[in-house]
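**Student:** Just dropping this structure here.
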There are 2 protein chains.
Amino acid sequence: MPKIIKEKSIFKSKLFNIKQTKIKFDNQILDYEIISGTGSGAVLIVPILSDEIIFIKEYAAAVDDYMITFPKGKIDDGEQLIEAANRELQEEVGFKSDSISLIDKIYLAPGYIDHITYVMMATNLKPSSLQGDEPEGLESIRVSRKKIDIFLNNSPIVDSRVFAAIHFIQNYDK
Amino acid sequence: MPKIIKEKSIFKSKLFNIKQTKIKFDNQILDYEIISGTGSGAVLIVPILSDEIIFIKEYAAAVDDYMITFPKGKIDDGEQLIEAANRELQEEVGFKSDSISLIDKIYLAPGYIDHITYVMMATNLKPSSLQGDEPEGLESIRVSRKKIDIFLNNSPIVDSRVFAAIHFIQNYDK
């Protein structure tokens, strides 16, 4: 197993901390750059309403276009996973749930980003809204579980975490 | 559609360019931080050997552990997608291919990262190796296409792009 022998932060902002690390392999020592989040990670919620799943369409600043994703957001300081998920669910799709469970974790690009996204499944949804910090209303899209592949194939920009979350949900049921 | 009204770089390193943007929505103007790559994106290759797919197990610096992923790497300056894919294939799994095609694009986390990964499918594999810049040998893992779900469910750390690539491959065949 390689070993981290040195680590220092070379940039810090509100959202990101870029670290430089020296890693010792069997025959050599290499320098890496790593993007580290500044918080406790994020939750992503798959809202399930009988045989439908609720996606959202949200403006994605880095590609200056709309993407298909799931409700998600940073975990606030001191907040539990289920609490964060229930808050985001109310802010982004207008539902609350008393049946939220952690089903898996997503590693975005673990070679250079240490962000972890906790995938939460929410069932037993009841209408309830909270005002979030979204700059515009988010469009909810309900898709029958049988038509998810068709829906994603017809969506030009899909957050990569959607594919991981769908895999986890489909395998959770088995 | 929101509009980017200002953009400036606040940090630049070998790999990353962090940008601050001001985006105008209908009712407000918000500041965003965006991670931008410094190159032309990356290729990720799904190597197919009759009814098996070849994964790799690689050290992932950001989580200081081994992950399951596919051969992948940055596109060099002036390099074509297929050329980059064939180079990475030889460096990371010891095969070359004359049947490589682009099947889709992965948007990692388009809310805050603009990285695009081109998903390439490689069939008709022939043994051929090139020396890459990997600090240690990579373990190849051949998995029957029917057992991919079981394999991924039993792998604790999986690069999120694997799930997207598997989705694209499975839907490409249809």
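**Student:** Return yes when B:Ile18 is among the hydrophobic types (A, V, I, L, M, F, W, C) and either surrounded by 15 or more Cβ atoms within 10 Å (Cβ to Cβ) or in the same structural domain as B:Ser129 (by TED's automatic domain parsing) (or both) and no when it is not. Steps first, please.
**Tutor:** Working: among the hydrophobic types (A, V, I, L, M, F, W, C): yes; either surrounded by 15 or more Cβ atoms within 10 Å (Cβ to Cβ) or in the same structural domain as B:Ser129 (by TED's automatic domain parsing) (or both): yes.
Criteria met by B:Ile18.
**Student:** Criterion first (in contact with a helix residue (DSSP H, G or I) (Cβ under 7 Å, 6 or more places away or on another chain), more than 14 Å from chain B (Cβ to nearest Cβ) and modelled with pLDDT of 95 or more) does A:Ser99 satisfy it?
**Tutor:** Details: in contact with a helix residue (DSSP H, G or I) (Cβ under 7 Å, 6 or more places away or on another chain): no; more than 14 Å from chain B (Cβ to nearest Cβ): yes; modelled with pLDDT of 95 or more: yes.
Criteria not met by A:Ser99.
**Student:** May I pose another question? If I filter the stretch B:57-64 for residues that are over 28 Å from A:Asp64 (Cα atoms) and hydroxyl-bearing (Ser, Thr, Tyr), do I get at least one hit?
**Tutor:** Checked the stretch B:57-64: at least one residue is over 28 Å from A:Asp64 (Cα atoms) and hydroxyl-bearing (Ser, Thr, Tyr).
**Student:** Looking at the stretch B:93-128, which of its residues are among the charged types (D, E, K, R), in contact with a Ser or Thr (Cβ under 8 Å, 6 or more places away or on another chain) and more than 19 Å from B:Asn171 (Cβ to Cβ)?
**Tutor:** As a first pass, look at the stretch B:93-128 and keep what is among the charged types (D, E, K, R): B:96, B:98, B:104-105, B:114, B:126.
Going one step further and asking which of them are in contact with a Ser or Thr (Cβ under 8 Å, 6 or more places away or on another chain), we end up with B:96, B:105, B:114, B:126.
The answer is B:Lys96, B:Asp114, B:Lys126.
**Student:** Could you tell me which numbered condition A:Leu30 fails, if it satisfies all but one of (1) within 16 Å of the chain's Cα centre (by Cα); (2) outside any loop (DSSP other than H, G, I, E, B); (3) surrounded by fewer than 18 Cβ atoms within 10 Å (Cβ to Cβ)?
**Tutor:** Just one mismatch for A:Leu30, condition (1).
**Student:** Same structure, new question: Of (1) without any contact (Cβ under 8 Å) to a residue 24 or more places away in the chain; (2) aliphatic (A, V, I, L, M); (3) more than 14 Å from chain B (Cβ to nearest Cβ), A:Val93 satisfies all except one. Which?
**Tutor:** For A:Val93, the failing item is (1).
The rows are residues; the columns are (1) within 10 Å of another protein chain (Cβ to nearest Cβ); (2) under 27 Å from B:Leu152 (Cβ atoms).
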{"site": "A:Phe16", "(1), (2)": "yes, no"}
{"site": "A:Thr21", "(1), (2)": "yes, no"}
{"site": "A:Asp26", "(1), (2)": "yes, no"}
{"site": "A:Ala109", "(1), (2)": "yes, yes"}
{"site": "A:Val119", "(1), (2)": "no, yes"}
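**Student:** Right, here's the next one. All but one of (1) in contact (Cβ under 8 Å) with a residue 60 or more places away in the chain; (2) within 14 Å of chain A (Cβ to nearest Cβ); (3) in contact with a Pro (Cβ under 7 Å, 6 or more places away or on another chain); (4) in a strand (DSSP E or B) hold for B:Val63; which doesn't?
**Tutor:** Here B:Val63 meets the rest and fails (4).
**Student:** In the stretch A:134-161, what residues are at the interface with chain B (Cβ under 8 Å from one of its Cβ atoms) and either touching a residue at least 40 places away in the same chain (Cβ under 8 Å) or of a type in the set (A, V, I, L, M) (or both)? Walk me through how you get there before you give the answer.
**Tutor:** Going through the stretch A:134-161, the residues at the interface with chain B (Cβ under 8 Å from one of its Cβ atoms) turn out to be A:135-136, A:149, A:152-153, A:157-161.
Selection gives A:Pro135, A:Glu136, A:Leu152, A:Ile157, A:Val158, A:Asp159, A:Ser160, A:Arg161.
The values are calculated or read from the model by the stated rules, or taken from the named source; none is laboratory data. Since we're looking at a predicted model, the values are computed, not measured. Quick reminder, even Gly has a Cβ in these numbers, built from the backbone with ideal geometry, and neighbours come from all protein chains shown.
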